[in-house]
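Structure first, then comments.
The values are calculated or read from the model by the stated rules, or taken from the named source; none is laboratory data. A quick note: this is a predicted structure, and the numbers were derived from the prediction, not measured. Neighbour counts are summed over all protein chains in view; Cβ atoms, including those assigned to glycine, are modelled from backbone coordinates with ideal geometry.
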Amino acid sequence: MRICLFILILTGFSLSVFGQNDSTNVYVKSGSSNEELDDYFSLIGAKSITVKLKDSILNGKRITFVFKEFKNSKLQRIDSLNFRKTWYESKIMYFNEFDSMMVRFMQIKKDKKTIKILIHYPRISTYYTYKIDPKGQYDFRYVNCKGDYSKISINQPFPILIYTTPFVTDRKLNLGSYCTLGLDGTPVENWGEKYNLKHYIVIEIYIN
């Protein structure tokens with residue numbers, strides 16, 4: 001009887017440990033601690049967002065951010081840094097000797113029809129350029145509207161940031177919201193049809 005009880009306790013503990021290691025928390029902060037700098041960003045049509053991760057289970061893991069652009073409910077392009085089998089992959093993309101990483105994003109409006117989204121890793125940065133609707137009320141924001149933290153699963157892509165026009169909540173009154181996107185579990189590929197979005201850019205985080 002005691003042996004059976006011990007086995008049950010050990011099994012439950014093992015499942016608990018493995019369950020905890022299947023996910024981690026990601027922290028997202030919009031803007032900077034400098035109010036004057038944020039005001040300047042606002043004037044030039046720019047926005048800064050910082051993504052932070054810190055967890056002992058991340059040591060040795062690889063992190064990737066994937067940009068997906070959708071127009072009229074169809075995937076138009078996918079952008080991502082590809083450093084496989086290079087020096088950059090081992091030094092930048094992995095949580096090697098540390099269990100934390102901070103990645104900064106900057107959205108800049110180049111002109112009325114063009115934006116740049118910059119991604120800055122600890123040792124390298126790059127940017128992607130996209131065409132936009134000059135009449136669209138776009139916003140670069142955190143997908144999760146419930147708080148600064150999100151629990152994400154290891155080995156599964158997770159939509160963390162989005163550049164989009166408002167989700168239409170009432171077509172008669174022409175009311176919209178930037179929240180609620182994906183909160184009902186709808187995949188990012190279906191957001192255009194589900195939320196009546198003609199154009200949006202999703203940034204997914206993937207840890208493996």
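Is it fair to say residue 33 is surrounded by fewer than 14 Cβ atoms within 10 Å (Cβ to Cβ), farther than 30 Å from residue 110 by Cα, among the hydroxyl-bearing types (Ser, Thr, Tyr) and at pLDDT below 80? No: the conditions fail for residue 33.
When residue 186 is tested against the conditions (1) touching a helix residue (DSSP H, G or I) at 6+ places or on another chain (Cβ under 8 Å); (2) buried (at least 19 other Cβ atoms within 10 Å of the Cβ); (3) modelled with pLDDT under 90, the lone failure is (2).
For segment 104-127, which residues satisfy the criterion of being surrounded by fewer than 19 Cβ atoms within 10 Å (Cβ to Cβ) and in contact with a Phe, Trp or Tyr (Cβ under 6 Å, 6 or more places away or on another chain)? Give the derivation first.
The first filter runs over segment 104-127 and keeps only residues surrounded by fewer than 19 Cβ atoms within 10 Å (Cβ to Cβ), leaving 104, 106, 108-114, 116, 118, 120, 122-127.
The answer is 116, 118.
Cβ separations smaller than 7 Å between residues 6+ apart or across chains give the following pairs from segment 19-34 residues that are under 17 Å from residue 139 (Cα atoms) to residues that are in a loop (DSSP other than H, G, I, E, B) and modelled with pLDDT under 85: 28/148; 29/148.
Checking 101, 106 one by one, the residue that is under 17 Å from the mean Cα position of the chain (by Cα), part of a strand (DSSP E or B), farther than 17 Å from residue 64 by Cβ and of a type in the set (A, V, I, L, M) is 106 and no other.
Scanning segment 135-156 for residues that are polar (S, T, N, Q), surrounded by fewer than 18 Cβ atoms within 10 Å (Cβ to Cβ) and within 17 Å of residue 64 (Cα to Cα) yields a count of 3. Within segment 113-124, residues that are more than 13 Å from residue 65 (Cβ to Cβ) sit with their Cβ atoms under 6 Å from residues that are polar (S, T, N, Q) and exposed (fewer than 13 other Cβ atoms within 10 Å of the Cβ), at 6+ positions apart or across chains, in these pairs: 116/129.
Scanning segment 157-180 for residues that are modelled with pLDDT of 75 or more and either touching a helix residue (DSSP H, G or I) at 6+ places or on another chain (Cβ under 6 Å) or surrounded by fewer than 13 Cβ atoms within 10 Å (Cβ to Cβ) (or both) yields 159, 167.
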